[in-house]
Structures are given as structure tokens and as C-alpha cells.
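Reading through the C-alpha cells given below for one structure.
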Amino acid sequence: QGLAAELRSLRARAEEAALSHEREARTLRDQATAAAKQRDSALREAEEVRAQLRAGAEARAAARRELLEAQREARDSREGRDTERRR
């Protein structure tokens, strides 16, 4: 009778441990899934920010080209007026 009771106790403890491990594994899987979703979201956000930075750099470069062209046109115009005055 003592051995049978000990065996039942051991089985009950083993079942409790198995259930506890399964709950822990489920929790860890859920946490891993949540972490993967956060990672994916962060990667998407980072890509969006990179795209915004590229667009900003392109706009800045275009504005710089326009400014340089306007400065060149203004210089050419001044030089043209100076040439006309000298004649």
C-alpha cells in the first residue's frame, strides 16, 4: 500500500509538472509571437522612416539644384546688364 500511494503521488506530481511546463511553454510561445509582431512593426516603421529620409534628401537636392540655377541665372543677368552698360 505504501508503494502504491508513493507511485500515485509521484504520478500526480509528474502530471502537475507536465501541466506547469505546458502552461509555461504556451506563455513563452505567446511572448515569442508578440515579440515577432513588435519586431515586424518596428522593421516596417524603420523602412517608412528610411523612405521619408530618402524623399527629404531628394527634395533637398532638388531645391539646391533650383537655387544654384536661380543664382546662375541671376549672375548671367547681372553680367548681361553690366555688359550692356559698358557699351
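The values are calculated or read from the model by the stated rules, or taken from the named source; none is laboratory data. Note that the coordinates shown come from a computational prediction; the quantities given were computed from them, not determined experimentally. Accessible surface is based on the protein model in full, side chains and every heavy atom, while ligands, DNA and RNA are left aside. Shrake-Rupley method; radii C 1.70, N 1.55, O 1.52, S 1.80 Å.
Things worth noting here:
- Tensor-based shape of the chain (alpha-carbon gyration tensor, a/c under 1.5 rounded, otherwise prolate or oblate): prolate
- Across all directions, the shadow cast by the convex hull of segment 1-42 built on its C-alpha atoms averages 2.3 square nanometres.
- Summed over the residues of segment 1-84 and divided among them, the accessible surface reaches 88 Å² per residue at a probe radius of 1.4 Å.
- Gain on full extension, evaluated as 0.36 nm per residue between ALA35 and ARG8 minus their Cα-Cα distance, stands at 5.7 nm.
- Fraction of accessible area attributable to carbon and sulfur, segment 1-77 (%, probe 1.4 Å): 55 percent
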